[in-house]
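Working notes for the structure below.
The values are calculated or read from the model by the stated rules, or taken from the named source; none is laboratory data. Worth saying up front: this structure is predicted, and the values here are computed from it rather than measured. FYI the Cβ positions are ideal-geometry reconstructions off the backbone, even for glycines, and counts take in every protein chain you see.
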Amino acid sequence: MGATLTNTLGKIIIADNVIACIAGNTATECYGVVGMASLSAADGIADLLKRESMAKGVRVSAQNAILVVEMGVIIEYGVSIATVAKNIIDNVKFNVELLTGMQVSKVNVTVKGIRV
């Protein structure tokens, strides 16, 4: 569906896929992140998603203008998982709020794998 912002001039509807792409691109720019992984349990083993299908590793739910972002990532071996996850949360929240003008209430990060 999409997230909706309403102002005095009308409505702005941003598709969930657009928000997912913003979140996915932001996450992959963080230090220690190798790539995105699918959130679907049917996919089984965590595989790196290609750049074109990065939004499959992100799920966005919107209620009014408040967003919840869930994402699956693959982390580089040897880095602090907690530190990388916190960095992802902070950066994704900042960029999504900056680019969409909507409030992000939660960013849930699932570490689906580690790569050497």
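For segment 55-63, check the following and say yes or no: at least one residue is in a strand (DSSP E or B), of a type outside the set (Val, Ile, Thr), at pLDDT 90 or above and surrounded by fewer than 11 Cβ atoms within 10 Å (Cβ to Cβ).
The answer is no; no qualifying residue exists.
Going residue by residue through segment 25-45, is there one that turns out to be of a type in the set (S, T, N, Q), over 19 Å from THR4 (Cα atoms), at pLDDT 90 or above and not in a helix (DSSP H, G or I)?
no
Under the condition of being of a type in the set (Ser, Thr, Tyr) and in a helix (DSSP H, G or I), which residue from segment 65-102 is farthest from ALA27 (Cα to Cα)? Working first, answer last.
Taking segment 65-102 and keeping what is of a type in the set (Ser, Thr, Tyr), we get 77, 80, 83, 100.
Among the residues that remain, those that are also in a helix (DSSP H, G or I) are: 83, 100.
Working: THR83: 13, THR100: 16 Å.
That would be THR100.
Find all pairs meeting these conditions: Cβ atoms under 8 angstrom apart; at least six residues apart or on different chains; first residue within segment 21-38 and more than 11 Å from ASN95 (Cα to Cα); second residue crowded, with 18+ Cβ neighbours inside 10 Å and of a type in the set (D, E, K, R).
Sorted first by the residue in segment 21-38, then by its partner, the pairs are MET36/LYS56; ALA37/LYS112; SER38/LYS56; SER38/LYS112.
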